[in-house]
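**Student:** First the structure, which I've put down as structure tokens, then a few questions once you've had a look.
Read the figures in this text as sums done on the coordinates, not as results from a lab. Model, not experiment: these values are computed from the prediction. Because the Cβ atoms are built from the backbone with ideal geometry, glycine has one as well, and the counts that use them run over all protein chains shown.
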Amino acid sequence: MGKASKATKKFNKNHLKDTLQRRRQLAKAKRSHESKTKKSLPTEDGKRTFDDPNRQFQREDVSELYAKLDPSKAASRKNENLVKKQEHAHIGNGKEKTSEDQFSGYSIKQLEAAIALCQKLSGTSQPDSLISHVPQELNEKLTKMDFDQRSIFLQDCRKSFASSLLDEVISSRGNIQILSSVGEVVSHIKNFSSFPPNFIAKTCQIFISYPDSREQIQTIINNVCKASPSLIVATFQHFYVHLLSFFKSSPSQSESLDTIEEMQLFLIELLSLSPDTCKKIFLSYTQQLNVHLQNCLKQADSVDAHKLIYNWQFSLSLQFWSEVICLLWEDLQIICKEISPQLINLILDTTRLIPTEQYYPLRLRLLSSLVRICRSTHLYIPLSSQFVEMAPFFLKKSRNLTREEDSTYNFDVLTTLHIPKECLASQTYRKNLRKTYLSMMTEYFATFSNSIAFPELAVPVISQLRIFVSRYTSENSISQFLQKLEDTYSFIQQKRLNIEFTQKDHSQVIAFERDLDWRSTPIGKSVK
């Protein structure tokens, strides 16, 4: 499974299963709620109804913008070779096209027979019944070749044979036995100078269309990319384009949820095969996302400028790259430490683009990616100000609405990026969003609750929340969180009284944080 096998297995077991089940339930509940709303609130009776707040974003398809690497913007000078290799590997060079053309007139059986003849001429026993399918002209040509010429021919013939077998897999609707033959053929190819034409497209089509084939497709691609790491870029780009096409709407509303999750795992596993290539791909793609963000900031006066950023494709792309950091941290920590700052800054800048209450669902989704990075890597990301800034919204009293009005304004946080201004008054909506907000904030502070510097981290938040809580007395859940934060503050203060350290000697500090489990702290105990 490559270097990231431990992390990937952990993700499969703990995250993927729970995520799939939770999102299916949410999607089912969402569809049920929408159907009830349409029946109970017909538009012709004069009552106010609201369109789906995400509909305008779902129509935005910016896949090409996010998928293409622009050497002048996204890649620095040191990455130019990567882009050139990508283009070279993706389209194939002239020699590869010529070799493909020379086999275009042969059937699959004739290609298989030609491979067998080459092996027989090299001294390997092969059945005569199979070799009899070799065309006479090709038989004479192979017989006259020397060993080196025949070896080159054999490699090209195997590539063409594997590509033809993929066509058979597609026409047979995902025949696993034929796909196994592809894997066996590929395993005998010593070097892929480039992919045969449409080879990646065929494997991608099979991966998406036939779930039972995905493990074998991953094995085939991994074997190819291990033999020729330069092909990782071309493979990644092709699959990533298709992944982005699935990101046009909320994952919980997508009918291809399993495909999305498995494709993300596959791409992360692909990146783990080569640390250097992983670094270059990561920096290139996240830099390109940053270019779109900067373009949006330059067009701030445009009404639709924010749509380039505040849509599912952009936010889920950021979420995917955050998963890359989380899952590869254990095995590629040095590389991840180098590449993570660019992504973290990009996500933080995105949250600040439109900091209004209507975009709090999107903001919390982005912050959840950063909190997950903190928890998986124990990197400190300053998010306290982000949480404090949102607190007044959750402490204010909501308007008194009828049950019918309140249900109209209710939106599922996990399937929503933006809500109409009128919906901010919904008590149910605020309650759901507040629950997500407090859960995320608790997880964030619990992650660092075993740090000897936790009191210094918590003091600004405690002081601000005290002011807000005294000003708005209607909300108890935030007061309870504040109490846990204060208890943890006192807990660490007491624990660290006898710790001594100097500028050169941090041994006691290291031992303190190593021996203290964050789950044993007052705020850590509340994390599920």
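**Student:** Please get the size of the charge dipole for the range 401-528, origin at its Cα centre, with Cβ charges of +1 on Lys and Arg and -1 on Asp and Glu, quoted in debye to the nearest 20. Don't skip to the answer; put the middle values down first.
**Tutor:** Numbers: 16 positive and 15 negative charges, 24 e Å.
Its charge dipole is roughly 120 debye.
**Student:** Round to the nearest 0.05 the FRET efficiency obtained for SER228 and ASP128 when R0 = 56 Å and r is the Cβ-Cβ distance. Don't skip to the answer; put the middle values down first.
**Tutor:** Working: r = 35 Å, r/R0 = 0.62.
The formula returns an efficiency of 0.95 here.
**Student:** Return the sequence-ordered ³J(HN,Hα) values of the range 498-509 in whole Hz as given by the Karplus equation 6.51 cos²θ - 1.76 cosθ + 1.60 applied to θ = phi - 60°, using x for Gly and Pro.
**Tutor:** Once θ is set to phi - 60°, the couplings for the range 498-509 become 9, 7, 10, 7, 10, 5, 9, 10, 10, 4, 5, 5 Hz.
**Student:** Please sort 445-454, 431-440 by packing, taking for each peptide the average over its residues of neighbouring beta carbons within 10 angstrom, highest first.
**Tutor:** On the way: 445-454: 21.8, 431-440: 18.0.
The peptides rank, most packed first, as 445-454, 431-440.
**Student:** Just want to confirm a number: the relative contact order over the range 83-235, from Cα pairs under 8 angstrom separated by 6+ residues, in percent. Don't skip to the end; give the middle numbers.
**Tutor:** Numbers: 162 pairs, mean separation 47.4, N = 153.
Dividing the mean separation by the residue count of the range 83-235 yields 31 percent.
**Student:** Of LYS141/LYS190; LYS431/LYS525; LYS307/LYS421; LYS495/LYS528; LYS307/LYS397; LYS279/LYS504, which ones are farther than 26 Å apart at the Cα? Present the calculation step by step, with values, prior to reporting the outcome.
**Tutor:** Working: LYS141/LYS190 23 Å; LYS431/LYS525 23 Å; LYS307/LYS421 17 Å; LYS495/LYS528 24 Å; LYS307/LYS397 31 Å; LYS279/LYS504 33 Å.
Where the Cα-Cα span goes over 26 Å, the pairs concerned are LYS307/LYS397; LYS279/LYS504.
**Student:** Which FRET efficiency value, to the nearest 0.05, is calculated for LYS397 and SER256 with the Förster distance at 45 angstrom and r the Cβ-Cβ distance?
**Tutor:** Numbers: r = 42 Å, r/R0 = 0.93.
So the FRET efficiency works out to roughly 0.60.
**Student:** Then there is this: Order these peptides, 502-512, 232-242, by their mean beta-carbon neighbour count within 10 angstrom, highest first. Let's see the in-between values first.
**Tutor:** Working: 502-512: 11.3, 232-242: 21.5.
Taking the mean over residues of other Cβ atoms within 10 Å, the ranking is 232-242, 502-512.
**Student:** So if we plug the beta-carbon distance of SER172 and GLN342 into 1/(1 + (r/R0)^6) with R0 = 56 Å, what FRET efficiency do we get, rounded to 0.05? Working shown, then result.
**Tutor:** Numbers: r = 44 Å, r/R0 = 0.79.
It comes out at approximately 0.80.
**Student:** Would you tally the net charge around SER368, using a Cβ to Cβ cut-off of less than 11 Å, leaving SER368 out, and scoring K and R as +1, D and E as -1?
**Tutor:** On the way: positive: ARG363, ARG365, ARG372, ARG375; negative: GLU443.
Local charge sum for SER368: +3.
**Student:** On a full-extension model of 0.36 nm per residue, what is the gain between GLU404 and GLN333, subtracting their alpha-carbon distance, rounded to one decimal in nm? Could the numbers behind the result be given before it?
**Tutor:** Values: separation 71, 0.36 × 71 = 25.56 nm, distance 5.17 nm.
The span from GLU404 to GLN333 would gain 20.4 nm if fully extended.
**Student:** So for the range 83-235, what are the equivalent ellipsoid semi-axes in whole Å, largest first, each being the square root of 5 times an eigenvalue of the Cα gyration tensor?
**Tutor:** On the way: eigenvalues 134, 71, 35 Å².
Computed over the range 83-235, the values are 26, 19, 13 Å.
**Student:** At 0.36 nm per residue, minus the direct Cα-Cα distance, what do LYS120 and GLN358 gain on full extension? Give it in nm, one decimal, please. Don't skip to the answer; put the middle values down first.
**Tutor:** Values: separation 238, 0.36 × 238 = 85.68 nm, distance 7.12 nm.
Computed gain between LYS120 and GLN358 is 78.6 nm.
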